[in-house]
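Below are the structure tokens for one structure; questions will follow.
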Amino acid sequence: MDVLIVFLPLVGAILAGFLGKLLGDRGAQVVTCGPLLIAAVLSVIVFFDVALGGNARVTELFTWIDSGSFELSWALRVDTLTAVMFCVVTIVSAIVHVYSVGYMAEDKSIPRFQAYLSLFTFFMLMLVSSDNLVQMFFGWEGVGLASYLLIGFWYEKPSANAAAIKAFLVNRVGDVGFALGIAGVFLLFGAVGYDQIFGAVPDQAETVVEVFGIEWHALTVLCLLLFLGAMGKSAQLGLHTWLPDAMEGPTPVSALIHAATMVTAGVFMVCRLSPIFEYAPDALTVVTIVGASTAFFAATVGLTQTDIKRVIAYSTCSQLGYMFFAAGVSAYSAAMFHLMTHAFFKALLFLGAGAVIHAMHHEQDMRNMGGLWRKIPVTYALMWIGSLALVGFGIPGLGIGFAGFYSKDMVLETAYAAHSAAGSYAYWLGIVAAFMTAFYSFRLLFLTFHGKTRADHHTFEHAHEAPRVMIWPLFVLAAGAVLAGAVFYGPFVGEGREAFWGESLLVLHDIIEEAHHVPFWVKALPMLVTLAGIALAWLMYVQSPGLAPKAASGLRPLYLFSFRKWYFDELYDRIFVRPAIYLGRGLWTTGDGAVIDGIGPNGVAAAARQIAQRASRLQSGYVYHYAFAMLIGVVVLVSWYLFSTL
């Protein structure tokens, strides 16, 4: 069953990719959607068997690497952590596959698109089921490759090509750190298998290594290198610039990448390697600070974006920050809880945005929308559900709310319960980010669905609900956005968490228990700032629409700072891109053209040409010139003979 879950998407990808012309559009959709739906059902069965039944297992498939004394098997590790990710990845991916049947109906390359989606899903499943770091790296790089193919799917658009290359290159920066971390783990432990590494970690807890003449705590260095890889995949501050540009891909791609797969790979990796991170407290502090800073940064940028998909993309970046700072205070189960609930409501928001874009004939700028709730009331209701789940709407004390209310509040409570400088930093930045999240989420709702329409008359009059194949899958996500928090609160972070997670997570200090006993104001404050953010959005975009442009004009420097995304792209362009272009052109024109080609092939050719030109001057056509040349030749030969015999 475990093998089927992982390899069914690969079978679909191969069939659609290599037999697409033979199968046709509908056939390609059947052979990709069908296996994913089967895999989703099997994942639920495995979840009950492994996570709730306690039947964790490792299935060895074959020997992958056998070199000298180093032997590595290709194996599937299915414990609670894997079972949770199986459900998240396959359910969301299956919904995206089905949704794509309607969304991509008019595209000319449907088999290729479906094959890419299934290939992406296979690599993600391989990543989460890996039993060693090398196998994880295979899935890790495979996800990066598939994301490149999906983001640049519409390769006729220069912007899509540029976005795909940007995502690929930025992720390679993080992947270098990840690869170095894996190499360092092998050097320190002599193994890459999880069981061997985790069992040896306590013995290496105090080991130091010398790097550049300075002694460093070995596990801290390794964890920081591994976390660098997580920063790239999960778009954390500094390596986040690829994420908004990834919106150049089709909307189903955005939902798949940003909800359940690629961007959550980094969070999963940190949780999977919790037995190492727990013995590197300084590295966990870095994780906490980076996560909290990312949550704040992305929320500030989301305030001013006008593209409906980019607002949701920055929301993803911000929510990933929450997950990381939860992991940073050793609340790995809270991080996974938020990862799971986030997958439902974020996929709902992205696919709901796709339904809006479909209704508006591919218009994505919210400034050209408005008044759509009458035209697409079902999509409007679903977007409300997704937004309420995202902002964490609920009633503190009574335990009633949407999915995000349970998971995000638990993340904030664990940060406060850490009683550390980094934990306090994370809690307060998380509170500010919660206020901004509520503001920009309802700004999106109000600009898109309320007020007078700003769309052209023809587009607005012909706006209509998406076809049923696009709408019906959203109800599954809506159910998750409403119920997932309440249903899974107990097993994930409640009284049953220790039995539920088993040995898949290691926590030296149970911060979750302390989080349950924080003061009531700590629990209530997130909801208060959320209500304040919603009220401010209503005031500025419904009650008094003229306030927004006045605020933007009055706070012009801050507005531009947010709208231009803190000028990270401009900064990287100045520091990295332009010098690289200057160096590349210099090496091309001077190094390659002038030196290598000039002295090498071009130089030899030029010399031969010059010699031939000079020799050709001897061919005058006059007989007396040739006779004179022969006479000189005879004189030279006679002279040489005479001198050589003396």
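Hey, among the residues in region 108-154 that are hydroxyl-bearing (Ser, Thr, Tyr) and in contact (Cβ under 8 Å) with a residue 60 or more places away in the chain, which one's surrounded by the fewest Cβ atoms within 10 Å (Cβ to Cβ)?
Looking only at region 108-154, we keep the residues that are hydroxyl-bearing (Ser, Thr, Tyr), and these are 109, 116, 118, 121, 129-130, 147-148.
Pick out the ones that are also in contact (Cβ under 8 Å) with a residue 60 or more places away in the chain and you get 116, 118, 121, 129, 147.
Working: TYR116: 25, SER118: 30, THR121: 32, SER129: 27, SER147: 27.
Filtering region 108-154 for residues that are hydroxyl-bearing (Ser, Thr, Tyr) and in contact (Cβ under 8 Å) with a residue 60 or more places away in the chain, the one surrounded by the fewest Cβ atoms within 10 Å (Cβ to Cβ) comes out as TYR116.
I need every pair where a residue in region 43-58 that is of a type in the set (Gly, Ala, Ser) has its Cβ under 8 Å from the Cβ of a residue that is open to solvent by 20 Å² or more (accessible area, probe 1.4 Å) and not in a helix (DSSP H, G or I), sequence separation at least 6 or different chains.
GLY54/GLY502; ALA56/GLY502; ALA56/GLU503
Next question, about the same structure. Within region 196-239, can you find the residues that are in a loop (DSSP other than H, G, I, E, B) and not aliphatic (A, V, I, L, M)?
Answer for region 196-239, where residues must be in a loop (DSSP other than H, G, I, E, B) and not aliphatic (A, V, I, L, M): GLU206, THR207, PHE212, GLY213, SER234, GLN236, GLY238.
To continue, here is another question. Of the residues ALA466, ALA481, only one is modelled with pLDDT under 90 and crowded, with 18+ Cβ neighbours inside 10 Å; which?
On the way: ALA481 fails: modelled with pLDDT under 90.
None of the other options fit; the residue is ALA466.
Among the residues of region 534-569, how many are at pLDDT 90 or above, at positive phi and either open to solvent by 80 Å² or more (accessible area, probe 1.4 Å) or out of contact with any Phe, Trp or Tyr (no Cβ under 7 Å at 6 or more places or on another chain) (or both)?
Result for region 534-569: 1.
Restricting attention to helices (runs of 4 or more DSSP H) lying wholly within region 406-513, give those where 1 or more residues are more than 30 Å from THR80 (Cβ to Cβ) and either in contact with a Phe, Trp or Tyr (Cβ under 6 Å, 6 or more places away or on another chain) or free of Cβ contacts under 8 Å to residues at least 12 places away in the same chain (or both).
Filter on region 406-513 gives 421-449, 457-461, 468-493.
Can you pull out the residues in region 446-496 that are among the aliphatic types (A, V, I, L, M), under 15 Å from ILE376 (Cα atoms) and more than 25 Å from the chain's Cα centre (by Cα)? If you could, list the steps in order and put the result at the bottom.
Applying the first criterion (among the aliphatic types (A, V, I, L, M)) to region 446-496 yields 447, 455, 463, 466, 469-471, 474, 476-479, 481-484, 486-487, 493.
Next cut, under 15 Å from ILE376 (Cα atoms) only: 447, 455, 463, 466, 470-471, 474.
Those that are among the aliphatic types (A, V, I, L, M), under 15 Å from ILE376 (Cα atoms) and more than 25 Å from the chain's Cα centre (by Cα): LEU447, ALA455, ALA463, ALA466, ILE471.
Separate question: Given (1) of a type in the set (Lys, Arg); (2) under 22 Å from MET410 (Cβ atoms); (3) surrounded by fewer than 15 Cβ atoms within 10 Å (Cβ to Cβ), where does ARG574 come up short, assuming only one miss?
(2)
Here is a list of conditions, (1) more than 19 Å from SER118 (Cβ to Cβ); (2) of a type outside the set (Phe, Trp, Tyr); (3) open to solvent by 60 Å² or more (accessible area, probe 1.4 Å); (4) in contact (Cβ under 8 Å) with a residue 40 or more places away in the chain, and GLU71 meets all of them except one; can you say which number that is?
The failed condition is (4).
Now a separate question. Among residues belonging to region 539-569 that are over 28 Å from the mean Cα position of the chain (by Cα) and outside any helix (DSSP H, G or I), point out the one that is farthest from THR453 (Cα to Cα). Break it down stepwise before answering.
As a first pass, look at region 539-569 and keep what is over 28 Å from the mean Cα position of the chain (by Cα): 539-557.
Restricting the remaining residues to those that are outside any helix (DSSP H, G or I) gives 544-546, 555.
On the way: SER544: 16, PRO545: 13, GLY546: 15, LEU555: 26 Å.
Per the stated criteria, the residue is LEU555.
If I ask for residues that are aliphatic (A, V, I, L, M) and open to solvent by 20 Å² or more (accessible area, probe 1.4 Å), which ones from region 391-415 would you list? If you could, list the steps in order and put the result at the bottom.
The initial filter retains those residues of region 391-415 that are aliphatic (A, V, I, L, M), namely 391, 395, 398, 400, 403, 410-412, 415.
ILE395, LEU398, ILE400, listed by residue number.
Then there's this: Among GLY451, GLY502, which is the only one that is open to solvent by 30 Å² or more (accessible area, probe 1.4 Å), touching a Ser or Thr at 6+ places or on another chain (Cβ under 8 Å) and at positive phi?
The conditions single out GLY502.
So which of THR294, THR288 is in contact with a Phe, Trp or Tyr (Cβ under 6 Å, 6 or more places away or on another chain), part of a helix (DSSP H, G or I), hydroxyl-bearing (Ser, Thr, Tyr) and open to solvent by less than 10 Å² (accessible area, probe 1.4 Å)?
THR288
What is the residue count in region 112-170 for residues that are among the acidic types (Asp, Glu) and part of a helix (DSSP H, G or I)?
So the count comes out to 1.
Moving on to the next point. Among the residues of region 167-223, how many are among the charged types (D, E, K, R) and under 23 Å from the mean Cα position of the chain (by Cα)?
Count: 2.
Go through region 202-215 and count every residue that is of a type outside the set (Val, Ile, Thr) and surrounded by 15 or more Cβ atoms within 10 Å (Cβ to Cβ).
Qualifying residue count, region 202-215: 1.
One line per residue, one yes/no per condition, for (1) of a type in the set (Asp, Glu); (2) touching a Gly at 6+ places or on another chain (Cβ under 7 Å); (3) at pLDDT below 90:
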{"residue": "GLN29", "(1), (2), (3)": "no, no, no"}
{"residue": "ALA40", "(1), (2), (3)": "no, no, no"}
{"residue": "SER43", "(1), (2), (3)": "no, no, no"}
{"residue": "ASP49", "(1), (2), (3)": "yes, no, no"}
{"residue": "SER69", "(1), (2), (3)": "no, no, yes"}
{"residue": "VAL78", "(1), (2), (3)": "no, no, no"}
{"residue": "THR82", "(1), (2), (3)": "no, no, no"}
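Can you give me the number of residues within region 514-530 that are open to solvent by less than 80 Å² (accessible area, probe 1.4 Å) and assigned to a helix (DSSP H, G or I)? Give the steps one after another, and end with the answer.
Applying the first criterion (open to solvent by less than 80 Å² (accessible area, probe 1.4 Å)) to region 514-530 yields 514-516, 518-519, 522-527, 529-530.
Pick out the ones that are also assigned to a helix (DSSP H, G or I) and you get 514-515, 522-527, 529-530.
Count: 10.
Conditions: (1) closer than 27 Å to PHE47 by Cβ; (2) in contact with an Asp or Glu (Cβ under 6 Å, 6 or more places away or on another chain). ILE110 meets all but one. Number of the miss?
(1)
The values are calculated or read from the model by the stated rules, or taken from the named source; none is laboratory data. Note that the structure is predicted; figures quoted are calculated from it, not measured. Virtual Cβ from ideal backbone geometry, glycine too; neighbours counted across all protein chains shown. Surface accessibility is based on the protein's heavy atoms, side chains included, excluding ligands, DNA and RNA. Shrake-Rupley method; radii C 1.70, N 1.55, O 1.52, S 1.80 Å.
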